[in-house]
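Asks: Let me give you the structure first, and then I'll get to my questions.
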Amino acid sequence: MQTVLIVDDSLTAIRQLETIVKGSGDFVCVGAARNGVEAIRLYHEKHPDVVCMDLNMPEMDGLATLRYLRSLACDVRVVVISSVGCRDGWYLQAVELGAARVLSKPADAGMVLKALRNV
Amino acid sequence: MGVKFFGQYLQECGIISRDSYIKAKEFQKQNLRFGELAVAMGFVTEKQVTEALNRQRCDDAPIGELLVACGALTADHVRAVKLRQDETTIQIGEALVLIGAMTVVQLQKCLAEFTHEQAPYRTDHVELPENVPNGRIWSMAADLTFKMVTRVLGLTCCPEPGFVTELILPNDTVAMVRFSGGANARYLLSVPRTVRDRIATSLLQLDTAEGEPLEVLQDSVGEFVNIVCGNVTVKASQLGKDVQISPPVLLEIPEQGMGPQAGEKAVSFPIHLEDGGDMELIICVCE
């Protein structure tokens, strides 16, 4: 069973992703963070296999969080799920920072699970 | 679902790898923008292009039009530059073929499938009141909102034409996102309790909103606004405008209502839902 950390400022998005992960059978959610600062704290606490990350968040956005995770030279896999992820500039930055997949919101369960399983 | 561009689509479908995408984007860096090409062709100076780009922050018009308007270019020049651009610009699909990441046959097939998938998000024109800055962007934003009410929430809606308003009335939930950069405005979606609950049940795939915390129900309106506005930024970049959005927040509107902020023009789009509920989109455009 692989562990997932969800990072999104939206309770709705967190609930949606928790439901998808719970129903997957091969992933389990180990925490949810509402911004990048919380995400970093939870990352160090839980050491998830995969992080599902929003980009547009208060306090510390997804790109800054991704940059931090990369600076750790860790092998955590990041799936970006964001309403702004599909903007060319953001998308390229996310990919260059090592995001394994970038999905646009609203992302359906099938797309999310495909991304989680194939990263 | 949602607006996306072709390179992203190809990655999502597993047609190309991340590395191929990055290589193709590098390849595309040789593409010149209209202004750069006009300078390279000797029609205008860099200074003239810079001045036109600055004007473009306020005037929602293509750079060629602005250069003609200030006398720096003629219409013939614009045609010549566009022709040269068409001949020399390498699209992402072509770049991927050139670097060997896909074949021409694959490209044609994927383009057809992509066009079909994105068809529901192709924007029709929404009329705005006159003299609204960056009207093209806000018309697109309104249209995308109406489309996503239907596509994402599964609600059939009938919007009214936009009109300028001096009063924003209170409602159960008013979620706001701020646009900045190439086009500045506050985007507000105002919904009553019944519509708030419909949004929550749609997004969370619930049978009923009963028993759900208020925070979750109101957050779902914010998340819907976030989704719409994120897609607006994508389409805006396709129209040549680089805009950013803030995370969504909830607004408390006083009982007597409130006007737009100083320097704003508020355009209201009442949206009627098939089951009788109403919502209101208000775009407070910075003048």
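The numbers here are math on the coordinates, done by the rules we state, and not lab data. Given the structure is predicted, the values throughout are model-derived calculations rather than measurements. Neighbour counts run over all protein chains shown; Cβ positions are idealised from the backbone, glycine included.
Asks: Keeping to segment A:92-107, report how many residues are more than 7 Å from chain B (Cβ to nearest Cβ), in a helix (DSSP H, G or I) and of a type in the set (A, V, I, L, M, F, W, C).
Replies: Matching residues across segment A:92-107 total 1.
Asks: Quick check on my filter: what residues within segment A:1-32 are crowded, with 22+ Cβ neighbours inside 10 Å, within 14 Å of chain B (Cβ to nearest Cβ) and not charged (D, E, K, R)?
Replies: A:Ile6, A:Val7, A:Ser10, A:Thr12, A:Ala13, A:Ile14, A:Gln16, A:Leu17, A:Ile20
Asks: Scan A:Gly62, A:Gly25, A:Gly36 and give me the residue that is on the phi > 0 side of the Ramachandran plot and small (Gly, Ala, Ser). Walk me through it before giving the result.
Replies: Numbers: A:Gly62 fails: on the phi > 0 side of the Ramachandran plot; A:Gly36 fails: on the phi > 0 side of the Ramachandran plot.
Step by step, each of A:Gly62, A:Gly25, A:Gly36 is checked, and only A:Gly25 is on the phi > 0 side of the Ramachandran plot and small (Gly, Ala, Ser).
Asks: Being in contact with a strand residue (DSSP E or B) (Cβ under 7 Å, 6 or more places away or on another chain) and either farther than 17 Å from B:Val177 by Cα or of a type in the set (A, V, I, L, M, F, W, C) (or both) is the requirement here; does B:Val232 meet it?
Replies: Values: in contact with a strand residue (DSSP E or B) (Cβ under 7 Å, 6 or more places away or on another chain): no; either farther than 17 Å from B:Val177 by Cα or of a type in the set (A, V, I, L, M, F, W, C) (or both): yes.
No; evaluated as a whole, the condition is false for this residue.
Asks: Continuing with the same structure: Looking only at strands (runs of 3 or more DSSP E) that fall completely inside segment B:193-287, which ones have 2 or more residues that are away from chain A (no Cβ under 13 Å) and surrounded by 18 or more Cβ atoms within 10 Å (Cβ to Cβ)? Outline the logic, then answer.
Replies: Working: elements: B:243-245, B:249-251, B:264-273, B:278-286.
It comes to B:264-273, B:278-286.
Asks: If B:Tyr187 meets every condition in (1) within 9 Å of chain A (Cβ to nearest Cβ); (2) more than 18 Å from B:Leu273 (Cα to Cα) apart from one, which number is that one?
Replies: (1)
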